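**Q** To start, I am sharing the structure in question, which I have written as structure tokens.
The values are calculated or read from the model by the stated rules, or taken from the named source; none is laboratory data. Remember, it's a predicted structure, so these values are computed and weren't measured experimentally. For neighbour counting, all protein chains shown are included, and Cβ atoms are generated from backbone atoms with ideal geometry for every residue, glycine included.
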Amino acid sequence: MTTKYQQCTWCIMDNSSDETITFNLNGQCNYCENALLEKETVYFPNEEGEKKLNALVQRLKKENKDHQYDCVMGISGGLDSSYLAYLGTVKWGLRVLAVHVDDGFDTEISKNNIARLAELPNFDLRIIKPDPQQFHELTKAYMRAGVPNLAVPQDNVLFACVYQFMKENKLNTFLSGGNFALECILQRGNTHDAYDLKNLKFIHNKFGKGPIDKLTMLSALKKDIDAYILNIQSLRPLNYIDYNRDRAMKELADSCGFEYYGSKHLENDLTKFIQQYWFYHKFGVDKRTSHLSSMIVSGQMSREEAQRQYALPLYDEDDMQSTISHVISKLGMSKEEFDNIMADKPHQHSDYPTSFYLKVKPMLAKAVRLIKR
């Protein structure tokens, strides 16, 4: 039976590609309903947030006064991580060890932004370049598997390196550019945990070629063990300020010449392809519903303006074809194979073996909470 199309009356999330969405009697979806409730406990664009931020900054400086750095950050060249880096070093006076994974797909704008960030005071940038042959082969394996989260290799390599640097520098705080203001709504489904090494290795063994032994990887279990032993915290300081996209872009442009790359997550050509083309044509998912709905919830955009932007084409056809050509050429994939992949039916990560630990982790976490009571 075909489900009747329905769009939220408060944000712009809809049921066109989402089996988990529900609507209340007023037509409001569970995403914005939950986000509005969470807003009270997560997002503090006020005096309370200022106090929380000051306390965090002072604690990091005190705890790490005998270390070379106060914290670690991941840098993509995008707005969120760039603005956090600027605030952390210039405004808050933190000594930052920053990690960027150069997978070969950074746009020229992103490269320029990262170069400008590298000139910030108290900012030590480490650029990691994963073995291109193995990284590209792993990415191709994910495409051939037809699964949604093609960003797993990018994300896993990044955080494996982040954890490695944290251990080497005896640091326990990772400051993330993740934030409520622009990311409070993320569609569930059509994704998978980036630290499921069992899933990753199966996909590579079945659909890839050669070894991946030169890639630094991190499993979910190892990540949690390291986090426990080292008392690693992943914090989101942008939730302690009135984080506004347009103001942040202007401040970055004025202070260090930051350039915008068009839309969220488009600072990398592979990510651009995943966000705008792969999700849409393979799974029917338009990521703009989440991005624009988040801005509605955080008060940065009206629903009417979000609808207007949503009605615009998802991408420019000529530009996307150029991006696809660049991506598959760099991956070493023929146009014929790419077309066959796009024509094949999509798969979920759960169609392949997945981590037992990730399956039982929610139950373990619940048991720990009960014990602590």
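**Q** Here's a check for you: in the range 119-141, which residue that is crowded, with 16+ Cβ neighbours inside 10 Å and among the aliphatic types (A, V, I, L, M) is farthest from the chain's Cα centre (by Cα)?
**A** Looking at residues that are crowded, with 16+ Cβ neighbours inside 10 Å and among the aliphatic types (A, V, I, L, M), I get Leu120.
**Q** Still on this structure: Is it true that Ile341 is part of a helix (DSSP H, G or I), closer than 30 Å to Lys198 by Cα, touching a Phe, Trp or Tyr at 6+ places or on another chain (Cβ under 6 Å) and modelled with pLDDT of 95 or more?
**A** Taking the combined requirement at face value, the residue does not satisfy it.
**Q** Follow-up question, since we're still on this one. Got a sec? Which of Leu56, Leu25, Leu60, Leu94 is among the hydrophobic types (A, V, I, L, M, F, W, C), under 30 Å from Gly257 (Cβ atoms) and assigned to a loop (DSSP other than H, G, I, E, B)?
**A** Leu94
**Q** Being over 19 Å from Gln309 (Cβ atoms) and among the polar types (S, T, N, Q) is the filter; apply it to the range 11-27 and report the residue that is surrounded by the most Cβ atoms within 10 Å (Cβ to Cβ).
**A** The extreme case among them is Asn15.
**Q** Okay, moving on. Which one is nearest to the chain's Cα centre (by Cα), of the residues in the range 193-215 that are without any contact (Cβ under 8 Å) to a residue 60 or more places away in the chain and assigned to a helix (DSSP H, G or I)?
**A** Among those residues, the one meeting the criterion is Lys201.
**Q** Go through the range 134-175 and count every residue that is part of a helix (DSSP H, G or I), polar (S, T, N, Q) and within 30 Å of Gly284 (Cα to Cα).
**A** So the answer is 4.
**Q** Name every residue in the range 178-191 that is surrounded by fewer than 22 Cβ atoms within 10 Å (Cβ to Cβ) and assigned to a loop (DSSP other than H, G, I, E, B), in order of residue number.
**A** Result: Gly178, Leu186, Gln187, Arg188, Gly189, Asn190, Thr191.
**Q** Which condition number does Leu270 fail, the rest of (1) over 28 Å from Val297 (Cα atoms); (2) in a loop (DSSP other than H, G, I, E, B) being met?
**A** Only one criterion in (1) over 28 Å from Val297 (Cα atoms); (2) in a loop (DSSP other than H, G, I, E, B) is unmet by Leu270, namely (2).
**Q** Okay, moving on. Output the residue which, of all residues in the range 313-338 that are among the hydroxyl-bearing types (Ser, Thr, Tyr) and assigned to a helix (DSSP H, G or I), is nearest to Asp269 (Cα to Cα).
**A** Looking at residues that are among the hydroxyl-bearing types (Ser, Thr, Tyr) and assigned to a helix (DSSP H, G or I), I get Thr323.
**Q** Next question. Mind listing just one residue for me: the one in the range 271-298 that is charged (D, E, K, R) and under 24 Å from Lys330 (Cβ atoms) and, of those, surrounded by the fewest Cβ atoms within 10 Å (Cβ to Cβ)?
**A** If we take residues in the range 271-298 being charged (D, E, K, R) and under 24 Å from Lys330 (Cβ atoms), then Lys287 is surrounded by the fewest Cβ atoms within 10 Å (Cβ to Cβ).
**Q** Let me ask another. Assuming Asp103 fulfils every condition listed in (1) crowded, with 18+ Cβ neighbours inside 10 Å; (2) in contact with a strand residue (DSSP E or B) (Cβ under 7 Å, 6 or more places away or on another chain); (3) not in a helix (DSSP H, G or I) apart from one, which condition is it?
**A** Going through (1) crowded, with 18+ Cβ neighbours inside 10 Å; (2) in contact with a strand residue (DSSP E or B) (Cβ under 7 Å, 6 or more places away or on another chain); (3) not in a helix (DSSP H, G or I) one by one, Asp103 breaks only (2).
**Q** So Lys201 ticks every box in (1) more than 30 Å from Asp351 (Cβ to Cβ); (2) at pLDDT 95 or above; (3) among the basic types (Lys, Arg) but one. Which box is left unticked?
**A** Every condition holds for Lys201 apart from (1).
**Q** Looking at the range 171-191, is at least one residue of a type in the set (Lys, Arg) and farther than 24 Å from Leu358 by Cα?
**A** No, there is no match, as no residue in the range 171-191 is of a type in the set (Lys, Arg) and farther than 24 Å from Leu358 by Cα.
**Q** Next question, about the same structure. Can you say whether Leu158 is modelled with pLDDT of 95 or more and either surrounded by 20 or more Cβ atoms within 10 Å (Cβ to Cβ) or more than 19 Å from the chain's Cα centre (by Cα) (or both), as far as the supplied structure shows?
**A** No: the conditions fail for Leu158.
**Q** Still on this structure: Against the conditions (1) in contact with a Lys or Arg (Cβ under 9 Å, 6 or more places away or on another chain); (2) assigned to a loop (DSSP other than H, G, I, E, B), where does Tyr31 fall short? Just the number, please.
**A** (2)
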